[in-house]
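This report concerns only the one structure given below.
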Amino acid sequence: MTTAAHLAAIDLARSRGFDGGPDFHLLELATSEEFWEDDGTRRPIVEEQYEAERDGLTVLLTGRWGAPTELDLWPVLERSMAGESIPEPWSTLSCHTPDLRLWRVDGRWIGLGVSQWDKELPFQLLAVVTTIDPPH
């Protein structure tokens, strides 16, 4: 998917309602290969690529909406593991996405992050659109 396609997917999710479902849209903008057979050399390269792609989208979205805030999701994961009830999509995102670039636009939160569930699994460039406030 190209940068233009990523932006179009985010814009489409922003325009869609949340009828009958959860109050968020989670978009998998790009997914890498898996790393089961990696000798340790490919994974860091792919991670850098995905972070660079996130950063490039961040620059474009900053031009539209201003500078994002950075949401560190590690404390959210710790709170969840300690038994605190964390609303979705934040609870699940905290399990595999260390941080998000986050904007508040027209009553919705839009976030970008790089996800990876485990070191052998693929990286994903994610976007989230939600009306649910992030945990403080």
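The values are calculated or read from the model by the stated rules, or taken from the named source; none is laboratory data. If you're wondering where the values come from, they're calculated on a predicted model, not measured in any experiment. Counting neighbours? That spans all protein chains shown, and the Cβs are built from the backbone with ideal geometry, glycine included. When the accessible area is computed, the model is the full protein with side chains, heavy atoms only, and any ligands, DNA or RNA have been set aside. Shrake-Rupley method; radii C 1.70, N 1.55, O 1.52, S 1.80 Å.
Structure above, values below:
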quantity	calculated
For residue 98: the one exception among (1) open to solvent by less than 60 Å² (accessible area, probe 1.4 Å); (2) in contact with a strand residue (DSSP E or B) (Cβ under 8 Å, 6 or more places away or on another chain)	(1)
Flag for residue 4 being over 16 Å from residue 105 (Cα atoms) and open to solvent by 60 Å² or more (accessible area, probe 1.4 Å)	yes
Search result, residues across segment 106-130 that are under 15 Å from the mean Cα position of the chain (by Cα) and assigned to a loop (DSSP other than H, G, I, E, B)	116, 117, 122, 123
Unique match (being touching a residue at least 60 places away in the same chain (Cβ under 8 Å), of a type in the set (Asp, Glu) and out of contact with any helix residue (DSSP H, G or I) (no Cβ under 7 Å at 6 or more places or on another chain)) among 84, 53, 37, 70	53
Boolean, residue 18 is within 18 Å of the chain's Cα centre (by Cα), of a type in the set (Phe, Trp, Tyr), open to solvent by less than 60 Å² (accessible area, probe 1.4 Å) and under 17 Å from residue 129 (Cβ atoms)	no
Segment 30-79 - residue that is among the aromatic types (Phe, Trp, Tyr) and open to solvent by less than 80 Å² (accessible area, probe 1.4 Å) and, of those, farthest from residue 105 (Cα to Cα)	35
Residues (in contact with a strand residue (DSSP E or B) (Cβ under 8 Å, 6 or more places away or on another chain), over 21 Å from residue 2 (Cα atoms) and surrounded by 14 or more Cβ atoms within 10 Å (Cβ to Cβ)) located in segment 105-136	108, 109, 130, 132, 134
Segment 84-95, subset open to solvent by 50 Å² or more (accessible area, probe 1.4 Å) and of a type in the set (S, T, N, Q), residue nearest to residue 3 (Cα to Cα)	92
